[in-house]
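Written out below as structure tokens is the structure these notes cover.
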Amino acid sequence: MHNPTLPEKLSLIIQLCDPDQLTLCMLDTRSLVALALTCKHLYRLISPFYTHRHIYITNDTTTAHMKAFFHSASTNRSAMVHTRSFLLKTSGRRVGFLEEDSFLGSIARVFDLMPNARFIALHDMRRLVHPYPQVLSALLKFPRLQELELSRFAHVDLAALVNLRGLRSASFHKPLYTQFSPFPLHVSNVKRILLASRSTLEEISLGDLDLSFNLISSQAADDAAVYGADMKWPLVRSLRLFRCEALRWTPDLSLAFPLVRCFESPDHLEWVDCVDNHQFFSRLVSLRGPLQVLRVAKRAGAKLARVVVSESILIDWDLRLCDYLPPCVRILHLETWGGLTELEFSHKLLWNVVRAMPNLEYLRLEIPSGKFCDVYLTSMVSLM
């Protein structure tokens, strides 16, 4: 409400910075709904603008929940204008409402009601897009779309998105390969989408894709001058290549990704020794990969704060973690295993970790189920 005792501009600023609304913007959907049910005033304040800010549809979503959501979206379209994120994560098992065409069609129509969406995630893309291809066409109409996550997609599904621009974060995982859509085809469309946003992308996450088909250019396949001019990713700070194939892939990451600080290495390691990426590794602060990659990063002088070892380590008292990890590590994820004869496992391995990394603040140590678990818990208590 306008206060006549205040200058007009100052009064307007106070109205725009309503403390109630600023607080509500920081709450998740469940908290908003719970707060809205406490009194009529909060219900009127929350319901029109905030209940549809983040829409997450997962395996736990029931048919009844979906019916209620579609009814609310159709009757309260003004709330859908405020939607910022939409997540459809139903992979891994059959979900009742996704087996009905009416629900799939309703999800497709919901996209037309979210013009201000900034984050879209479709984790079972093929199931939704195959009967309703207009869903992907709708993504091109989102002027503020910044983050896109797609998984379980086919090559033909991505063709409609090759002209999508302005993304800051792109994630492509678990492609569905067929005899009509082999590796090169999938990589070609993924590459086109990434290149369309090359000047704005800050995060790239790829899973189960084959890098050998020039998804990220290889020195062996490109002329050096062309590579330097056309294949740099000037703003990318996070590069994740989860379970990607990397045979015959020899990238110059130092040249292609000058600002990357967080890196997740592919499983194949031939590329590590083929090209000198010393400068690339020296800039990293977060790294996930096997011990061979960690050793290269340490030799390059990387000041790693977070490390995830992506291979299981045999319980061995002679393992010198200081050969692989710098002392500045603060967060460490390890997975260990041992033979049945090594029942003397105690806190020795943990002390090995502490001695190698005196600045460690968080340790996640995974041990297979069995006799080692009880000993592990005892060792942690004695270590504390």
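Quick notes
- Any chance ALA170 is surrounded by 15 or more Cβ atoms within 10 Å (Cβ to Cβ), of a type outside the set (S, T, N, Q), at pLDDT 90 or above and farther than 24 Å from LYS89 by Cα: no
- Just so you know, in the range 250-278 the residues that are more than 22 Å from GLU311 (Cα to Cα) and modelled with pLDDT of 90 or more include one that is surrounded by the most Cβ atoms within 10 Å (Cβ to Cβ), and it is PHE257.
- Apart from one condition, PHE69 fits all of (1) modelled with pLDDT of 80 or more; (2) in a helix (DSSP H, G or I); (3) under 13 Å from ASN116 (Cα atoms); the exception is (3).
- Top-ranked residue in the range 122-140 [being among the charged types (D, E, K, R) and under 15 Å from THR58 (Cβ atoms); ranked as surrounded by the fewest Cβ atoms within 10 Å (Cβ to Cβ)]: ARG127
The values are calculated or read from the model by the stated rules, or taken from the named source; none is laboratory data. Quantities reported herein were computed from a predicted structural model and do not represent experimental measurements. We place every Cβ from the backbone using ideal geometry, glycine too, and count neighbours over all the protein chains shown.
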